[in-house]
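Down below is the structure, laid out as structure tokens.
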Amino acid sequence: MNDGLQVAYEKPMAVGECPLWDAAASILYWVDIDGFAVHSLEPASGAYRAWPMVSEPAAIALHAGGGLLVALRSGFAHLDTGSGALTEIAPAPYDTTLYRFNDGRADAAGRFWVGTLYEPRTQAVAEMFCLERGEVRCAWSGGMTVSNGLAFSPDGKYMYHADTTSHRIDRYGFDAGSGVASAPEPFQRFDTDKAAPGYGGRPDGAAVDSEGAYWCAMFEGGRVLRFSADGALLREVKVPLRCPTMVAFGGDDLRTLYITSAGLKRPDAEREQYPLSGCLLSLRVDVAGLPEPLYRP
């Protein structure tokens, strides 16, 4: 496989998303959105577990009280990874027949940020929500259709965010103390013409490394891109599947890049061409990632 890529877990997901490394336990978590499940893998032993969900899980965060915070279509819940018990924290703040949660992550102050996906995809009416100490607020509304690519700079002064539908990534000034993001400024713009020669996909999930570089999975582009904090392209990693969905740093030194992907919901011809579609991949990289913050209730 190119660039040192390895298959970390070979069972294909329908829509694998939101890989998350628990450094204390040396376990990787991720979700399968359309598979209605949260998964975990202990790479050292190969131990694997899965927890069925009551609705589509889209994003997760490590919970300060143990287990995971899960953003489901139906709302926020706490998953006790020992017993499997799922306890509601707050119901969905939207019409669940039109919206669901999508990409999200915790910030250094212990808040959990998660955007929505407007399923008809006919209007840019998705929203960004923040769960803070059990209370949900809308951080901003509109201007996006599929919220994605959420990440924070190492110093916490910037928030990155993508709208997959419009093929753009923006950067916001961020006040970690108040949890308020400033007006966005353009960070990356990609070609929206899927028929254009060399079409490279659209931005999906992302993560920032310890040097402040932004790594982004390019859905339907078969690649992962690394950009410097000022927007220069530093690296392109081509992956043996068309739809990588998100990246996360793991391993004892946070230098293993995990890549989730979409598989079972993709066209038959695509899955035949790319038999690893839906699998979890890994890649050793030179620059370490950042430890994932905990959600603090």
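The values are calculated or read from the model by the stated rules, or taken from the named source; none is laboratory data. All values derive from a computational prediction rather than experimental measurement. Cβ atoms come from the backbone with ideal geometry, glycine included; neighbour counts cover every protein chain shown. Note: areas computed on protein heavy atoms with side chains; ligands, DNA, RNA excluded. Shrake-Rupley method; radii C 1.70, N 1.55, O 1.52, S 1.80 Å.
Just a few scattered comments:
- Test: V7 is touching a residue at least 60 places away in the same chain (Cβ under 8 Å) and either open to solvent by 50 Å² or more (accessible area, probe 1.4 Å) or assigned to a strand (DSSP E or B) (or both): yes
- Test result for V54, modelled with pLDDT of 95 or more, open to solvent by less than 20 Å² (accessible area, probe 1.4 Å), touching a strand residue (DSSP E or B) at 6+ places or on another chain (Cβ under 9 Å) and among the hydrophobic types (A, V, I, L, M, F, W, C): no
- Taken together, G198, G221 contain a single residue that is crowded, with 19+ Cβ neighbours inside 10 Å, within 29 Å of P275 (Cβ to Cβ) and among the small types (G, A, S), which is G221.
- Test: residue in the range 145-166 that is touching a strand residue (DSSP E or B) at 6+ places or on another chain (Cβ under 8 Å) and modelled with pLDDT under 95: no
- In the set (1) within 20 Å of G84 (Cα to Cα); (2) surrounded by fewer than 22 Cβ atoms within 10 Å (Cβ to Cβ); (3) touching a residue at least 12 places away in the same chain (Cβ under 8 Å), A44 fails one condition alone, (1).
- Candidates R100, R121, R105: the one that is over 26 Å from L290 (Cβ atoms) and in a strand (DSSP E or B) is R100.
- Restricting the range 131-181 to residues that are basic (K, R) and not in a loop (DSSP other than H, G, I, E, B), the residue that is farthest from the chain's Cα centre (by Cα) is R137.
- Residue within the range 12-22 that is surrounded by fewer than 24 Cβ atoms within 10 Å (Cβ to Cβ) and without any contact (Cβ under 8 Å) to a residue 60 or more places away in the chain present: no
- Cβ-Cβ contacts under 7 Å between residues 6 or more apart (or on different chains), taken from a first residue in the range 275-297 that is of a type in the set (K, R) to a second residue that is open to solvent by 10 Å² or more (accessible area, probe 1.4 Å), are listed as R284/G4; R284/R255; R284/T256; R296/A64.
- Residue within the range 64-74 that is part of a strand (DSSP E or B) and either modelled with pLDDT under 95 or surrounded by fewer than 23 Cβ atoms within 10 Å (Cβ to Cβ) (or both) present: no
- Matching residues, the range 235-290, being open to solvent by 10 Å² or more (accessible area, probe 1.4 Å), touching a strand residue (DSSP E or B) at 6+ places or on another chain (Cβ under 8 Å) and outside any loop (DSSP other than H, G, I, E, B): R235, E236, K238, F249, T256, Y258, S282, R284
- Those residues of the range 135-172 which are small (G, A, S) and open to solvent by 30 Å² or more (accessible area, probe 1.4 Å), in sequence order: A139, S141, G143, S166
- Candidates L276, L264, filtered to the one that is at pLDDT below 95 and aliphatic (A, V, I, L, M): L264
- Within this structure, W113 fails the test of being out of contact with any Phe, Trp or Tyr (no Cβ under 9 Å at 6 or more places or on another chain) and either open to solvent by less than 20 Å² (accessible area, probe 1.4 Å) or not in a strand (DSSP E or B) (or both).
- A139 being farther than 20 Å from A58 by Cβ, among the aliphatic types (A, V, I, L, M) and out of contact with any Asp or Glu (no Cβ under 7 Å at 6 or more places or on another chain): no
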